[in-house]
Amino acid sequence: MWAQPGVAARPQKLLVPSPDWRDQVIYFVLTDRFADGDPSNNDQGAGEYAAGQRSRYNGGDLRGLQQRLDYIRGLGATALWITPPVANQWTDPAGNYTGYHGYWAEHFMQVDKHLGTLSDYKALSDALHRRGMYLVQDIVLNHTGNFFSVRGAFASNDPVAGYQPHDRSHPVPRPSQSPFDRNDPRDPVQRDQAIYHWTPDVSDYTDKHQELNHQMSGLDDLNTENPVVRRALRQSFAYWIREVGVDAFRVDTAFYVPPAYLQDFMRSVDAAAPGMETVARRTGRARFHVFGEGFGIDRPFRDEQATKIESYMQDAQGQPVLPGMLNFPLYGALDDVFARGKPTAELGHRVTRMMKLHARPHLMPTFVDNHDVDRFLAGGNVTGLRQALLALMTLPGIPVIYYGTEQAFTEQRAAMFAAGWASGGRDRYDTGAPLYRELAALTALRKTHRVFSRGTPRVLHSNAAQAGALAWTMNWGAKTALVVMNTADHEVLVPNMATELPGGAVLKGLLDLDRPTPPTPLGLDSAGQITLRLPARAARVWLLQGRLRGAAAASAAARKRAGPPLTLNPLTSDPVATDLVVSGRAPGAAPLRLVVDGDLSSAQQLTAQPDGRWTARVDTSNMVDPGVEHSVTAWVEGTQAAASRAFKVERVWQPVADVEDPPGDDSGPTGRYLYPTDPGWGDNRQMDIRGVKVSTAGGAMRLEVAMHRLTSVWNPALGFDHVNFTVFIELPGRVGGATVMPLQQASLPEDMRWHLRLRVGGWSNALFSSEGASATVEGRPVTPGASVQVAPERQSVIFTLPAAALGKPASLSGTRIYVTTWDYDGGYRAVGIQAQPYAMGGAVPSDPKVMDASPVIVVP
């Protein structure tokens, strides 16, 4: 910023007091893809820049961010998190990918030339602070770029063995910052200095030694036990706090450094290079926030990853490590429940457990998608996204909005500006977009009512069997809010929900996600209970307002006038294998409805006998998981009267098809396809199908796909990597369907037409209908999705599709199934003449993206 002649330059507002981070809303940008404010810095002449290409620098920079701050603030965001702005390795050794994302550092104390200058960075910080906003910088402590590899003859006692320098890296052959430039163990002096772990890639993420000391995806692993390295990293990142006024750090790949190192990073008493807490405090930031990335997603009702994440916030002795960690387990539950239609009890459990496991859940950033996982809308729908965002804004944690979510992006790293990749050739800063307006309303709700940012949740109701109702209260001092959602596509009943609020309490409506006006007030009975009917996909919020005078007496009088209560007789505690017979009594001649698992749309209408007795049969043919607890409720319509019982079902899976696939045919339609050259694939042939078994139980279907070998080199959330399964399903008697295989440059064989398409990789799980499908469009997302299980002892992956996903068919006889393999990373990997580290070879780029395929399987 230039001052006018004779006019003093305005001092920059760089060092400002820390906010209360519990009350903040963070907007997260991949800087290269957000806004191009200075085209002159785009191309640095190393072949790294190509606007519109996914793997190349596209042109976003710091000036572009500054120019769009009002757009970000208009969403209600109070802080901006940017990917690492430091000088990077621009191209990988093979020249196929670039460091546009910022995680391949070569100098930790310089701004990358593609992003601008130090002056640009200071100007961004100043502009944020003058708007009352804050700056979060992404930092990397675990590694630099990929300037060398260790392969072949590696031996732990001989770092020279297998060492391969990457002398053609751009813009420099090795980091230019000392001591990180000392990366050649062939030099005895550098070897003795031990700045790096000269190790190969991690091959087993369950091996703690490998996790902490080996290279992750070829990135050079720093020896963070070395005091020289520790001091250099503290000096490097203290620089950004002092010089730019950064207000918080996000620590990339925190799981790959020891917690003891992070304690040193935060609290070292080294006078020449103190820890970040001291540096921040000396610059006026008493609550400088640091949160780490620990990519760990727990399976439903498990807590191993959440426990590991907590160990990076406080150690076994209760000593602090980092102030916060990204809440990946909550992300996994949000995605499963709102994008894939899983039972809401999975999210209910996660909310309850996170409050017990984590000492500081309010300081854990929460999110529904980011740059390392599929966009929510890549497999979910807008309705589910709106509900997930409401949950984000009404639960503990610091909500993070990933750029482009407000514009309904489906591509993981698409650009917001017209020249960038997957932008559609237009700028995407539409403040009138429906999701932009809705997000602004949700952030306003959170800011207006601190009960959502500071309160403690209590889960009141959830559905253990399927999509449906989920309700929780948030309590903070004298304030209580009630959040209720229905994730199902049908009306549901919430019977006799105990709120633990005073009898006769009244709650005023704050927000109805589907209407411009708040919901009508709620009145609780004398016991603090309420029965609710929720329309399909409803999402509503209320705030405790007060209590009706005389409500308890009035409620007692009403019960006295009602006569005998509605009853539902006890059920067996053993799982049932057939239909379930239930019975009870109903007061008077009131109409009675029998509701199973909260689903009002399929409730039975019953009429009691003159003496009040009633009996009914519950169809259990679609209940296939013996671990799920189902519910049955008798309800007198139009009243609060309801009685519920729980039961379990153990149906038998019937094998209906077992098809072998020839070994070694994982070479594409031509027989000449080649696997990528990255060592992660090795000779494991992860895409070679060996057989498919199909089983059914009622209207549900289970597919077990046996493979040559399963690997988990990259610690995938679903338990396998280096292969993506795409399963096409043709349902009997169903009209329509499609023959095109979206994104795979192919069509189905044998005149087959698909109605449902399942796409599952190590980090993604999405189900689509053929509605709207084309060569470039995957179709319409469908819920509920499939559950995925790995059977390592059989080298198999098991997909279970509930009857609801298949349309609750009376029979699956005649169903046709076709299973294909490829690999997926934010999109199906490329194919070309030559195999590349992360692209298939042996074909032309337009050839089908199918490495192996099963025969077309017909269910008899």
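Straight-line cross-link reach from LYS356 at under 13 Å between alpha-carbon atoms covers these aspartates and glutamates, not counting any fewer than eight positions away in the same chain: ASP303, GLU310. Distance between the pseudo-spin-label points of GLN605 and ALA444 (7 Å out from Cα toward the beta carbon): 4.3 nm. Each of VAL632, ASN622, ALA657 was placed along the dipole of the stretch 620-659 (beta-carbon charges, centred on the mean Cα), and the one lying farthest toward the positive end is VAL632. Taken over the stretch 38-115, the convex hull of the Cα atoms encloses 99 Å³ per residue. Please express the Cα-Cα pair-distance distribution P(r) of the stretch 159-218 as a list of whole percents, one per 10 Å bin, running from 0 to the bin with the greatest distance. Answer for the stretch 159-218: a P(r) of 22, 47, 28, 3 percent. For the peptides 325-337, 566-578, the ranking by mean Cβ contacts within 10 Å, running from highest to lowest, is 325-337, 566-578.
In a DSSP loop and with at most 16 other Cβ atoms within 10 Å, the GluC sites (Glu not before Pro) in the stretch 769-860 are GLU771.
Extension gain for ARG780-SER18 works out to 269.9 nm (0.36 nm per residue, less the C-alpha to C-alpha distance).
Here the accessible area of the stretch 220-289 is 51 percent carbon and sulfur, with a 1.4 angstrom probe and all protein chains present. When you count the other C-beta atoms within 10 angstrom of each residue and take the mean per peptide, 612-618, 446-452 line up highest first as 446-452, 612-618. If R0 is 30 Å, the Cβ-Cβ spacing of ALA316 and ASP70 corresponds to a FRET efficiency of close to 0.05. For the stretch 665-803, the solvent-accessible area works out to 35 Å² per residue, with a probe of 1.4 Å and every protein chain left in place.
Surface composition of the stretch 342-443: carbon plus sulfur atoms contribute 50% of the solvent-accessible area (1.4 Å probe, protein chains only, all chains present). Just going by the charge dipole of the chain, with Lys and Arg at +1 and Asp and Glu at -1 on Cβ, which of ALA469, VAL451, PRO399 is farthest out on the positive end? Most positive-ward Cα: VAL451. Each principal axis of the Cα atoms in the stretch 209-333 has its own extent, and those three values, largest first, are 45, 31, 29 angstrom.
Measuring between their Cα centroids, the stretch 226-295 and the stretch 529-549 lie 45 Å from each other. Computed on the Cα atoms alone, the convex hull of the stretch 561-637 gives a volume of 98 cubic angstrom per residue. DSSP finds beta bridges in the chain, and of those with both partners inside it, around 80 percent are antiparallel. Based on Cα contacts under 8 Å between residues 6+ apart, the stretch 576-686 shows a relative contact order of 25 percent.
Using a ≥ b ≥ c from the Cα gyration tensor of the stretch 732-825 (square roots of the eigenvalues), is it rounded, prolate or oblate, where a/c under 1.5 gives rounded and otherwise the larger of a/b and b/c decides, a/b for prolate?
The shape class here is oblate.
Between their Cα atoms, which of LYS342/LYS648; LYS113/LYS447; LYS342/LYS808; LYS342/LYS508; LYS122/LYS308; LYS308/LYS849 are more than 27 Å away from each other? Violating the 27 Å Cα-Cα cut-off are LYS113/LYS447; LYS342/LYS508; LYS122/LYS308; LYS308/LYS849. Dividing the helix sum by the residues of the chain, where each DSSP H run of 4 or more adds -39500 (n - 2.57), gives a mean residue ellipticity at 222 nm of -5000 deg cm²/dmol.
You can think of it this way: the chain between THR670 and SER813 has 48.2 nm of extra reach, that is 0.36 nm per residue less the Cα-Cα gap. Sequence-distant contacts, meaning Cα pairs under 8 Å at least 6 residues apart, place the relative contact order of the stretch 338-464 at 32 percent.
Suppose a student asked you for the relative contact order of the chain, using Cα pairs under 8 Å spaced at least 6 residues apart; what percent would you report?
8
This model, with +1 at the C-beta of Lys and Arg and -1 at the C-beta of Asp and Glu, gives the chain a dipole about its Cα centre of some 3600 debye.
The alpha carbon gyration tensor of the chain gives principal lengths a ≥ b ≥ c with a/c of 1.5 or higher and a/b no greater than b/c, which makes the shape oblate. Rounded to the nearest 0.05, the FRET efficiency derived from the C-beta distance between THR572 and ARG282 at R0 = 51 Å is 0.15.
At what distance in nm do the modelled label points of ALA94 and LYS356 sit from each other, each positioned 7 Å from its Cα along Cα→Cβ? With each label point 7 Å from Cα toward Cβ, the separation is 4.7 nm. Sorting 504-511, 217-224, 670-677 by their mean Cβ neighbour count within 10 Å, with the most densely packed peptide first, gives 217-224, 504-511, 670-677.
The values are calculated or read from the model by the stated rules, or taken from the named source; none is laboratory data. These figures come from a predicted structure and were not determined experimentally. Here the Cβ is made from the backbone with ideal geometry for all residues, glycine too, and neighbour counts use every protein chain on show. Each accessible area value is taken on the protein alone, full model and side chains, heavy atoms only, with ligands, DNA and RNA left out. Shrake-Rupley method; radii C 1.70, N 1.55, O 1.52, S 1.80 Å.
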